[in-house]
Structures are given as structure tokens and as C-alpha cells.
1. Note down the net charge around GLN321, summing +1 for each Lys or Arg and -1 for each Asp or Glu among other residues with Cβ under 12 Å from its Cβ.
2. Quote the charge dipole size of region 166-321 about the Cα centre in Debye, to the nearest 20; the model charges only the Cβ of Lys and Arg (+1) and of Asp and Glu (-1).
3. For the chain, build the charge dipole from Cβ charges (+1 Lys, Arg; -1 Asp, Glu) around the Cα centre, then report which of VAL245, GLN408, TRP465 sits farthest towards its positive end.
4. Between ARG277 and ASP224, what is 0.36 nm times their sequence separation minus the Cα-Cα distance? Round to one decimal in nm.
5. Let me cross-check ASP265: its accessible surface, 1.4 Å probe, with only protein heavy atoms counted, in Å² to the nearest 10?
6. Dividing the Cα convex hull volume of region 96-219 by residue count, how many Å³ per residue is that?
7. Write down the percent of antiparallel bridges among all DSSP beta bridges whose residues are both part of the chain, to the nearest 5.
8. Hey, got the dipole for region 250-359? About the Cα centre, +1 on K and R Cβ, -1 on D and E Cβ, debye to the nearest 20?
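The values are calculated or read from the model by the stated rules, or taken from the named source; none is laboratory data. In this text the structure is predicted, and so the values were computed from the model without any measurement. Here the Cβ positions follow ideal geometry from the backbone for every residue, glycine too, while neighbour counts run over all protein chains shown. For accessibility, only protein heavy atoms count, side chains too; no ligands or nucleic acids. Shrake-Rupley method; radii C 1.70, N 1.55, O 1.52, S 1.80 Å.
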Amino acid sequence: MIELANVLGRGYFPKELPPAFKSITFGNTAAANADQLDAAIGVRTPTTRAAVHNLVRAGDLRRKLAVPNPLNYFRLSRYLVTNWPQLSAHVQGSVLSISTPVVSPIGRALNPRVLIGDLPSQRASHRATVRYVLFADVARCHPSIYTHSIPWALHGKAVAKANRAPGLLGNDLDTLMRSAQDGQTNGIPIGPDISLVVAEIVLSAADLQITNRLRPCGFRHLDDYELGFTFLSEAETALAVLEEVLNEYELALNSAKTRIVRLPDALEDDWVSDLNRVKIRSKGHGQRTDLIAYFNRAFELAKTRPRDPVLSYAVASLRKQTLEADHGALVQDLVLQTALSEPATLRFSLELLIRHRAAGLPIEHAKVATALNSLVTVHAPLGHGSEVIWALWAAIALDIPLAAQAAQALVGAADPFVGVVACDALQRGVLTGPDLWKSLRRRMLLKALTTEDWVLAYEGDCKGWCHPSRAGYTAKHPFFRILASNDVVFYDSATELTKIEKRIEDLTELRVPVLGLVFGY
């Protein structure tokens, strides 16, 4: 059974943020004080703005992740948990969906029933009896979902349009979603687990109409359809039906990713298979040779497939390897090059550098500092939040001071999550910049608790980063006062850094000269 503590504690922050951003204390406190928090909000849920984080993707594409205000997300999550049996029954009604949300005991609170890594076997199963496959992708799915389509999906358009009053499940979800995003009806937040549920609510209703009219052999995983047919004409008819049904929910197909293919067809991207064929030996000079060959192949593939996450996959896969300490400098150089040339790999590249130090291996501070300073000074003025936040987090975790130019480049950076990590870096001496302190403190106000700066405003007051003359403003807000009095934090770098230091101690004691599998994010 789904639990409020888990939805809030393990399904709130996007996984793409540094691990210091967590909501475990929020989930536990909210579950223990749910009625008190509900009373603090009042009968009418206020409208707030979500905190937005600018995420880089392969090929310099970007996506806006959004973390709703805790006030709204608490009420939305509590409503979802209360009505889970009905919502779960609805999404499980789709025979096409293999991404139906399932409760998970570890990691995220909710996961798709079939994970991406298992898609090749799903394809093999569904293609056994067909000759053609229709590939179709819902264009900008989360940003395009119309919140009024939630009641349409749950109750049917006729019922929903005839009954717009509160009390109807779909209407209440619609209202709660809109209140969490400044009243907007277009789009749902990308990142929180609840958005997976809402997307499945809408798409499952579309699936039902599609299967009633076509009866295809295939599946939908998240916003991607792969539908199989015996004849080409059936696939062409299916494409028209799919477009028609999705249009009823104000959704459209991405024409660039929609196609009909005659089988056989690859079960997974060729670059994935290509990279997996490069084996890295467990030790010796052969491992060095293999590492160079592996990255060489990854760089070649990335040039031919610029829109695919080739380099992110390549670096992330290294976490499965046990690498000899003698090759630490080579790994460091390769991941730094990868991070600077393809910013989408930054999260994984910097994780490997942090693991590098956690394994007790020497870091070339000057070289790493140059790379981190470059990332901040180049990307901060452009509003590229993910590049900057991971560079700052790496500087904190590796204890590498950044230059004055980096602090100056951060002045005026709008991303509130970047602002939180910048404050931590300033407090720790990793950054030095009075102008940056001033610009961040100007955003730490009582009224900011309901704006896109809510995480910066809350952490700023609770951690003593705000201007002394304004300290204590959180206690003036009935909802956030309860969180603060129960020691709720949304950013806990101390715990994460302690984990790193503890791992270093353990490896030193055991004298383990390896890089791989030091700890996981």
C-alpha cells in the first residue's frame, strides 16, 4: 500500500539533483502531523509557484524540472494516497501500459512497472507475431498535459463537463495540480513521482479508446507507443486513430519520432550494444588500454548520434566497473574531458570524481578546479542550472575552492537549487563573494516561501544564511513553522559529506585500491 511518508520522502525531488537534496524528514514529519499541517493550510489550498531547475540533456537540449511548494505537494500527495485504490484501478485498466506506477520499497516511492532496461525483452515478446511496428511518441508529454483532461480521463468528458464542482475526484486533482503551479492549466511538473501517476491517468484513458478500436499487439512505456500489426495498412490506420484519440486529450504526436517500420528491427539502440561490446579488463595494463578504447568508441558514437545520451550512458556504466587505482589519473582526465564537452554527462562524471576521492586516490586539484571554474563561469550566465549545481556540489564534496570569477558569475542566477548549493559553498569557504551573498539574501524573505524561491527561502532561514535582520521569518508562516519546528530540511550536505568521509575511512582501513562501486547515488 502506498504511504504518505514515502510519497513525500522518496518521490518529491527529481533524481537529477545532487544527493544532498532530500525530503525524508519532510515525509516523516508530514505523516506524523498530517491533520495539523492540513489545518495550517486551511480549507482553500493557496496557489504557489514551483521551484524550477534547468536540466541539460544530450545534444544541448534542455528540460525544466519543477518541484512544487511543500504546502501544495503535501495536500496533493495526501489526496492521492487517500484515493489510491480508485486511481490505481484506473491506471491498471490499460492493457497497453507497461509503465503503470507501482509502489517501490526502496529508491523512488513509485516506479514504472517495467524499467527502461527491460524494454528489449518486452519488444522481443510483442514482436513475435507481427510484421510491422508503429513507433509514436507523445510530444512534450508532461508540459502538454491539460489539467482539465484529468477529470475527462477519470470520468469521461460528458460527466466531467456536466459536473465541474469540487468533490468529484478528477476535479479535485485538477484543482490541486493547478494550485501547485501558479494556477496554470497547461502542463504538469516534471520530476515528482505524482506526475507519473497523473500522466498515466490521462494516457491510460487514451489507451482504452485505442485498444477498443484497434486491438494492437504492443505496448506504451511512459509517453512512447510501440504497436505491432500484421499488415502495413493496419499500422497506417492505427496512426490516424492514435492522433485522433490523443487530440481528444489535447495531446499530439512528435512527428520526428513517429514512424512505421517493417520487422525485423533492432531491439535496442545500436550504440548501446556497441558500447556494451567493449569489455574492460579487471586489472593490469590491459585495463588502461580498454579504458582508452572504451572512451574512444564512446566519443565516435556521440559524434554520429548527437541527440542520444551516448556519453552519459558510457560514464554511468563505468560505475559498474572495479577500476585499479593505478588508472585513477586516466579516469579523472577522461571524465573531465567528457563533462566539459558534453554537459549532459556532468552528473555522472562528477559522481565518478567524488568516488575517486572516496576511494582514497589523489585528486589533481588544479586540473579539477580549472574544469569546475570553467563550468560555472560559462554556464551560470546562461541559466544552465544542472551544469552549475553539479560543479558546485563537486567543489564542496572534493573541497576544491573556486575562483572569484565563479562567484561573480553566479550573481543573479535564478535557479533556486543553485542558490542553495551556492550558499553552502559560501559558508564552507569554497566560494568567496560578498556580492553573491547579497544577491542571494535578497531572495530570503517570508513572501518567498510561496514563490519559486521557496527552497532557498526556507533553507536560508533554517540554516542561518539569511540577513540577521530578517531571521526567523519561517516561524511567521503557519505551515512552514510546523516543518521548521520539527527540524525538516530539504538540503542536507552534512550527511552526504559524512557518508563520503566514512567511506574513505573504510577503504583506507581495508586498503582497497579501487574506484568502482564506492557508493551509489
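1. Working: positive: LYS279, ARG281, LYS283, ARG319, LYS320, ARG355; negative: ASP290, GLU324.
Net local charge, GLN321 excluded: +4.
2. Details: 18 positive and 23 negative charges, 264 e Å.
Taking the Cα centre of region 166-321 as origin, the dipole is about 1260 debye.
3. Checking the options against the dipole of the chain, the answer is TRP465.
4. Extra length from ARG277 to ASP224 when fully extended: 16.4 nm.
5. Accessible surface of ASP265 is approximately 60 Å².
6. Numbers: hull volume 15.4 nm³, N = 124.
Roughly 124 Å³ of hull volume per residue.
7. Details: 28 of 29 bridges.
Counting DSSP beta bridges with both partners in the chain, the antiparallel share is about 95 percent.
8. Values: 17 positive and 14 negative charges, 34 e Å.
Roughly 160 debye, rounded to the nearest 20.
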